[in-house]
Amino acid sequence: MNRLLRALLWPVKWLVALVILFEEWGWAPLQRWLARLALWPGFRWLDAGIRRLPPYAALALLAVPALTLLPIKLSALWLIEQGHAFWGVTVILTAKVLGTAIVAHLFTLTQPALMRLPWFAQRYTQWVQWKNRLLAQVRASLPWRTARVLRWQALRQWQRWTRQHR
């Protein structure tokens, strides 16, 4: 039974890992982009105020992007249902990228306050450890290693081609 359960959960594990990898891929660059935007004079005071929030207010603030983006994502699904798949998918992807950027920036600003909540610090540590184990398993797998080799080979081919056609 344990072997069967593992076999059934394998695709779920990969899907979760791919979602996490997408978040990881976008998290740092999008956070840096939003941090540069936050250096503008009108936004500096906002970042400073967010940094000063007490722990539970910081936690509540992290819920705002999810609550704000939910109606947008539902509208995108409605567009898809109405036969406008391109626009629906475009809206979902745009919302995902912007949502990731906003949450990454907000989390960076609020993490010190959130880590003062013992239960949050414990869960966050558990999450990071679980995520790192999952990603290590995925990165050690044959499909992942094969994809990396193919990506590297394609990149080398592209570099050769661009050098030849300059």
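No value in this document is a laboratory result; all are computed from the given coordinates. Quantities reported herein were computed from a predicted structural model and do not represent experimental measurements. Virtual Cβ from ideal backbone geometry, glycine too; neighbours counted across all protein chains shown.
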Pair-distance profile P(r), taking every C-alpha pair of segment 116-166, with 5 angstrom steps and integer %: 4, 18, 12, 12, 11, 10, 10, 9, 7, 5, 3, 1
Read-out percent of Cα pairs over 22 Å apart, derived from the coordinates shown; its label in (1) 63; (2) 43; (3) 48: (1)
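In a shell of Cβ-Cβ distance under 15 Å around LEU61, excluding LEU61 itself, what net charge do Lys and Arg (+1) and Asp and Glu (-1) give? Show your work: numbers first, answer last.
On the way: positive: ARG51, ARG52, ARG116; negative: ASP47.
Overall, the nearby charge balance is +2.
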Span-like helix ranges in the chain, DSSP H, alpha carbon extent 15 angstrom or more, Kyte mean at least -1.0: 2-37, 41-51, 55-81, 85-114, 118-140
Residue-averaged [θ]222 nm for the chain, counting only DSSP H segments that reach four residues, each worth -39500 (n - 2.57): -32000 deg cm²/dmol
